[in-house]
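Worksheet: the structure to be examined is printed underneath.
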Amino acid sequence: MLSTRPTVDAIEPAPGLLTYQAPGTNDWRLTHHSGLVLAFCRNQQHAEDTARLITDFTDWTRSADDIGGDEEVTASRDELRFLISYEASAILPEHYVPQSSTYTDEDIRQAAAYHEGDTTDGLAVISAMAQSSKFAGLDTDTFNEAFDKVMRIVHPEAYAA
């Protein structure tokens with residue numbers, strides 16, 4: 001199915017590297033152009049500075065598979081991790097902990113608004129919620145409750161009796 005969900009506005013501070021603010025959050029991400037997250041940053045400037053710091057590490061315009069298969073990159077992976085986490089003081093994806101473990105009615109409204117008019121099934125909604133700092137830190141029951149609330153707004157026809 002075709003999704004009409006809006007996309008994020010990304011900035012390309014270095015060739016092949018993108019920075020953007022995750023929808024509905026204060027989180028800024030530095031990603032490879034494929035979408036793979038390289039770092040979580042405090043704000044736009046921090047994300048752009050981190051990108052510029054690692055720009056010479058490799059040719060980021062290559063595919064993620066090509067970079068991942070590059071033996072020189074693999075041998076220098078600890079150097080890249082050092083640049084991101086110590087030099088730039090950004091958070092590596094494996095150390096990222098969502099900021100919130102609760103959600104509010106406003107969080108539900110924002111998540112539903114993000115998916116308004118979305119023609120996909122609940123998979124797109126649950127995937128986006130799982131990556132959002134507003135919902136990713138929730139325990140399973142609370143996450144399911146939040147997902148149900150969002151789906152009742154986004155796809156009310158599925159809940160009609």
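Odds and ends about this structure:
- Label-point gap, in nm, between D9 and E116 - each point 7 angstrom along Cα→Cβ: 1.8 nm
- Our estimate of slack between D66 and R109, defined as 0.36 nm per intervening residue step minus the Cα-Cα distance, is 11.5 nm.
- Separation of alpha-carbon centers, region 120-155 and region 26-89, rounded to whole Å: 28 Å
- Label-reachable residues, region 7-38, where backbone N falls under 16 Å from a point 7 Å from A130's Cα toward its Cβ: 36-37
- Cα-centred dipole magnitude for region 28-161, charges only on beta-carbon of K, R (+1) and D, E (-1), debye, nearest 20: 380 debye
- Difference of contour (0.36 nm per residue) and Cα-Cα distance, T140 to H33: 35.4 nm
- Residue-level accessible surface for Y103, protein heavy atoms, 1.4 Å, Å²: 40 Å²
- Between helix 140-154 and the chain there is an angle of about 70 degrees, using the helix long axis and the longest principal axis of the Cα atoms.
- Its alpha carbons considered, the chain gives a radius of gyration followed by a Dmax of 17.7, 59 Å.
The values are calculated or read from the model by the stated rules, or taken from the named source; none is laboratory data. Remember, predicted model here, so these are calculated numbers, not experimental data. Ideal geometry is used to build each Cβ from the backbone, glycine not excepted, and the neighbour counts take in all protein chains shown. Each accessible area value is taken on the protein alone, full model and side chains, heavy atoms only, with ligands, DNA and RNA left out. Shrake-Rupley method; radii C 1.70, N 1.55, O 1.52, S 1.80 Å.
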